[in-house]
1. Chains A and B: buried accessible surface, both sides, probe 1.4 Å, rounded to 100 Å²?
2. Report, in deg cm²/dmol and to the nearest 500, the calculated mean residue ellipticity at 222 nm for the protein assembly as shown, where each DSSP H run with n ≥ 4 adds -39500 (n - 2.57) and the sum is divided by the residue count.
3. Between A:Phe31 and A:Ala259, take the C-beta separation as r, use R0 = 30 Å, and let me know the FRET efficiency to the nearest 0.05.
4. I want to make sure I understand the PRE zone here: with the label point 7 angstrom from the Cα of B:Ile254 toward its beta carbon, which residues in region B:183-218 have backbone N atoms less than 20 Å away?
5. With both partners inside region B:68-217, how many of the DSSP beta bridges are antiparallel, as a percent to the nearest 5?
6. Counting only DSSP beta bridges with both residues in region B:128-220, what percent are antiparallel, rounded to the nearest 5?
7. Taking Cα pairs under 8 Å and at least six residues apart, what relative contact order does chain B come out at, in percent?
8. Helix C:228-256 versus the longest principal axis of chain C: what is the Cα-based angle in degrees, 0 to 90, to the nearest 10?
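The values are calculated or read from the model by the stated rules, or taken from the named source; none is laboratory data. In this text the structure is predicted, and so the values were computed from the model without any measurement. Glycine also receives a Cβ, built like all others from the backbone with ideal geometry; neighbour counts cover every protein chain displayed. Side chains are part of the model used for accessible areas, which takes the heavy atoms of the whole protein and leaves out ligands, DNA and RNA. Shrake-Rupley method; radii C 1.70, N 1.55, O 1.52, S 1.80 Å.
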Amino acid sequence: MTEIQATDVILAATVAADDDAAPRQSVWQRFEPTILGTGTIVLLLLVWQFLPDFVPMKAGTKLFFTVPSHIAGTLWTMFATGSIWAPLGVSASAFAIGLLLAVVAGLPLGVLLGRSATLNAMVDPFITAFNATPRLVFLPLLMLWFGIGIWSKVAVVFLGAVFPLLINTYEGVRNADKLLINVVRSFGAGEWDIARLVVVPNSLPFIIVGLRLAIGRAVLGVVVSEFFGSQDGLGVMMVRAASQFKVDIVFAGLIVFAALSLIMTGLVKVLEDRLTRWRPQHSNAG
Amino acid sequence: MTAYIQGRNVNLTFRPPNRGPVRALQNFDIDVEDGEFLSIVGPSGCGKSTFLNILLGLIKPDSGDVLIHGKKIAGPGTDRAMVFQEFGLLPWRTAQNNIELGLELKKVPAEKRHAVAGRLIDLVGLSGFEGHYPHELSGGMKQRVGLARALATDPEVLLMDEPFAALDAQTRDLMQAELLRVWREARKTVLFVTHQIDEAIYLSDRVMVMSKRPGRAKKIFAIPLPRPREYEMRVTPQFNELKLEIWNTLKDEITV
Amino acid sequence: MAEDAAPRQNLAERYRKPLLGAFAVAVFFAAWQAIFLVVPFNPLFISKPSLIFAGYADLIESGDLAHDLAVSAVPFVYGFVAAVIIGVPLGIVMGWRQRVGYALDPLMTVFYASPLVALSPLVVIFFGVGVGGKAVIIFFLSVFPFVFNACAGVRAVDPLLINVVRSLGGGEWDLYRKVIFPSVLPYIVAASRIAVGRALIGVLVGEFFAASEGIGYAISRFGDIFSLDRMFACILTVMVIAVMLTEGIRWAERAAFPWRSGR
């Protein structure tokens with residue numbers, strides 16, 4: 001039982017007060033979280049892998065029950081034969097273009113809204129409405145307008161990614177320390193200088209958070225718009241595979257999308273580390 | 001001879017959006033001589049920081065004249081610089097880059113900026129720390145950066161708004177001595193706002209006591225202590241008499 | 001020495017923001033309607049407020065709108081409720097029992113981070129396109145915010161409060177009622193705000209695949225037959241519902257737990 005006991009709290013206080021207390025974590029204690037965590041995942045994968053061998057299944061179910069080894073094999077084949085690159089390229093382009101447009105539109109707009117309370121008040125209902133609505137609801141309309149090529153996808157990605165960026169930039173701008181603005185102004189800074197010297201650097205951590213959210217939504221946008229409104233791309237490949245009961249391809253597609261998401265988030269983390277060296281602690285908020 | 005800094009009949013009323021108006025300064029007069037170190041003590045809210053901000057050029061008075069070297073103030077300028085109580089360092093810049101801020105805005109070329117900053121870093125005693133970020137510096141060190149930054153543009157007037165209030169008592173004593181040392185070398189006119197009478201007497205040529213809000217100049221005391229000021233002077237009878245006089249003038253203005 | 005103007009200013013200041021917002025929305029719709037006086041109107045491409053309004057009237061009169069919304073709502077409710085019932089206790093156990101938390105954290109993170117909606121084709125094939133399949137999709141999309149937030153809520157419980165209640169003679173049940181539940185509740189409500197958005201995606205995904213009824217299907221079908229006015233009407237309906245749900249929850253959060261904030 002790991003219930004918190006009264007004694008735990010008192011003990012913790014005593015230990016904290018004792019400066020000479022040496023850390024007494026055994027190897028097990030330090031790696032316990034990692035071991036338990038990875039262990040669970042490995043365990044589940046193993047259970048999944050050997051389930052068909054132990055559990056009798058109807059022929060119908062067996063038709064599309066796949067196991068990790070098959071999925072891995074399919075993934076390997078897709079990369080080895082290069083059959084993955086074309087659809088991946090299509091999906092990745094829609095993702096990248098939509099995300100880029102979202103950055104280009106969202107950041108300056110966020111700054112603008114942050115500086116002008118009037119503008120913000122007027123635009124707020126639209127932002128709230130579009131942010132709360134699943135972008136997927138616009139897909140049929142976007143397909144009417146843009147066809148089933150890449151642009152309807154880009155539009156869905158854009159709509160999903162632009163609002164976190166816009167909102168977070170806005171928050172970052174509003175958060176700018178008035179003292180610092182006064183300081184900089186007292187040394188002769190004009191409006192542009194203030195933006196450059198104070199507002200933008202202060203907003204960067206907020207923008208990073210927005211970027212992370214935007215990436216998640218962008219991937220989601222690509223996936224759903226490729227399910228319903230596209231001729232090619234990874235999502236289309238997955239839908240076709242599903243209708244042919246090629247379940248391992250579907251899972252393989254999921255893994256590739258997840259990997260795309262992870263890589264992008266990793267890149268953002270690298271960017272974040274480089275841009276926020278001046279911060280006192282690494283808080284993992286957001 | 002007109003004073004270097006002159007304030008005549010300065011009036012300022014703040015009008016915050018959801019409350020009644022606040023009269024910060026009323027018929028405020030002041031004369032500061034060139035190269036003088038003048039402290040202003042007064043109760044909280046008496047307008048002393050407000051006047052400093054008027055001198056800095058960030059606020060305009062409702063009426064009255066504020067002249068520096070005979071000219072009216074028209075916004076911030078490089079002839080004045082402020083050292084802030086909360087330091088006001090840009091956290092994303094190193095100490096050196098913070099010091100160079102004013103020079104950057106004046107479009108001084110990089111080489112010259114680095115030279116000036118380097119000299120000032122030595123002057124304020126921060127050698128070796130120029131590449132540190134503010135969060136890596138102690139309070140005293142941050143304020144040294146603030147001081148160096150204010151001196152970088154070579155202003156004629158140094159405005160100091162309770163610069164040592166955020167420091168612990170020991171650091172504060174040290175910084176006061178440091179300030180005097182730097183001032184001896186830099187020779188600026190200094191307007192120093194503080195709550196602490198000790199500090200005011202120790203540092204200044206003259207001490208002005210302000211009334212409570214709306215602020216007026218109540219009384220000005222000359223400080224005849226010799227320079228350079230030594231710590232031992234703080235415990236002399238002369239020092240204590242001054243302190244008592246100033247306190248007596250001030251205490252009627254303070255409401256708890 | 002208070003000025004007379006001060007209190008009046010207060011009122012106008014407070015309503016400034018919503019008034020400006022309402023004004024902007026009104027201007028938007030007016031401009032949308034008016035622009036076709038100068039720009040040619042292609043009904044196959046776009047619609048305008050007057051026609052959309054007429055479309056709304058038709059849909060409401062015929063009962064189609066209500067019917068489609070009801071059809072969409074059923075799997076939404078099933079999936080969402082299942083997400084709460086399964087997600088919250090799971091999250092609480094993860095937060096309360098340290099080892100369980102260690103074991104499940106990475107797994108849940110992997111699930112949350114992967115676009116699980118990518119597996120919807122499989123769900124549809126396995127569970128069909130009826131209420132079952134849609135509910136499953138909605139469940140998987142909305143369960144994770146609850147798991148994580150419940151977990152975080154439990155982890156954030158102040159041990160000192162637990163000591164206080166125990167020292168006053170409280171038992172397990174008292175702990176749950178007086179400390180844990182109130183501490184975790186704001187987290188769960190915040191989770192529902194996020195989950196609602198994801199659940200709506202689930203509704204649409206399920207219906208776009210191959211449904212014959214429902215609001216998502218309606219949007220898609222109206223698009224196919226180029227009935228733009230009704231299509232816009234349905235899209236706007238979804239937007240209004242989404243906003244009402246999300247902002248409604250946010251309002252409830254602010255009213256019930258004023259110390260918490262966030263988008």
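1. 1800 Å²
2. Details: 32 runs with 515 residues, N = 805.
Estimated from H runs of four or more residues: -21000 deg cm²/dmol.
3. So, using R0 = 30 Å, E works out to roughly 0.75.
4. Correct set: B:192-204, B:207-218.
5. In region B:68-217, approximately 20 percent of DSSP beta bridges are antiparallel ones.
6. Looking only at bridges with both residues in region B:128-220, the antiparallel portion is about 40 percent.
7. 26 percent
8. Approximately 30 degrees, to the nearest 10.
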